[in-house]
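The values are calculated or read from the model by the stated rules, or taken from the named source; none is laboratory data. Note that this is a predicted model, so its numbers are computed, not measured. Counting neighbours? That spans all protein chains shown, and the Cβs are built from the backbone with ideal geometry, glycine included. Protein only, heavy atoms only, side chains kept; ligands, DNA and RNA dropped before computing areas. Shrake-Rupley method; radii C 1.70, N 1.55, O 1.52, S 1.80 Å.
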Amino acid sequence: ATGDKDGVCRMWDVRTGQGVCHASLGSEILSLSFNRGSSHIAAGFVDGWCRVYDASGLGEATSLRPHDTEVRSLCFAQEQSGEVLFTGSFDGSVAVSDAESGDLLQRMEGHSDRVVQAAPHPERPWLLSCSVDKTLRLWM
């Protein structure tokens with residue numbers, strides 16, 4: 001999947017290179033992430049909003065606003081409580097949200113500048129984030 005400044009998300013067949021579907025999501029798309037465990041795709045926007053879509057047709061499932069400004073990093077994880085979405089933002093924080101309800105579960109602050117990446121450990125309850133402040137943070 002690709003997203004652009006005009007807010008258009010395009011799904012591609014990687015075997016053929018052909019477009020499968022596209023949809024206008026309304027705002028500049030800064031980040032995209034597939035959930036390998038379901039048919040969901042998340043998009044992060046310039047205004048702090050994230051939206052979770054059904055990847056098969058880009059029908060919106062959930063809207064959430066975990067940040068006040070640009071969402072530059074998105075990643076799904078399966079937790080005991082269900083599917084969660086980790087987001088990193090230019091507001092300097094990392095948020096954990098329920099991917100189905102959109103509820104904010106936790107906000108992690110500690111970077112002094114923009115967060116550009118947040119990624120969960122595949123097996124342990126850890127999250128790694130990196131920032132323009134030249135730090136990595138391991139959240140446990």
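Taking the stretch 92-127, which residues are open to solvent by 80 Å² or more (accessible area, probe 1.4 Å), assigned to a strand (DSSP E or B) and without any contact (Cβ under 8 Å) to a residue 40 or more places away in the chain?
Across the stretch 92-127, the qualifying residues are Leu105, Gln106, Glu109.
Of note, Phe45 does not satisfy the criterion of being touching a His at 6+ places or on another chain (Cβ under 9 Å) and closer than 21 Å to Asp4 by Cα. Entry remark, the stretch 75-91: residues being hydrophobic (A, V, I, L, M, F, W, C) and either surrounded by 24 or more Cβ atoms within 10 Å (Cβ to Cβ) or not in a strand (DSSP E or B) (or both) number 3 in total.
Annotation: of all residues in the stretch 29-49 being of a type in the set (Ser, Thr, Tyr) and modelled with pLDDT under 90, the one that is most open to solvent (accessible area, probe 1.4 Å) is Ser39.
Only residues that are surrounded by fewer than 22 Cβ atoms within 10 Å (Cβ to Cβ), touching a Leu at 6+ places or on another chain (Cβ under 9 Å) and part of a loop (DSSP other than H, G, I, E, B): list them for the stretch 50-74, please. Within the stretch 50-74, Leu58, Arg65, Glu70 qualify. Screening the candidates Gly19, Gly26 for the property of being in a strand (DSSP E or B) and open to solvent by 50 Å² or more (accessible area, probe 1.4 Å) yields one hit, Gly19. Cβ separations smaller than 9 Å between residues 6+ apart or across chains give the following pairs from the stretch 2-28 residues that are farther than 26 Å from Glu70 by Cβ to residues that are of a type in the set (A, V, I, L, M, F, W, C) and open to solvent by 40 Å² or more (accessible area, probe 1.4 Å): Asp13/Val20; Gln18/Trp12; Gly19/Trp12; Val20/Trp12.
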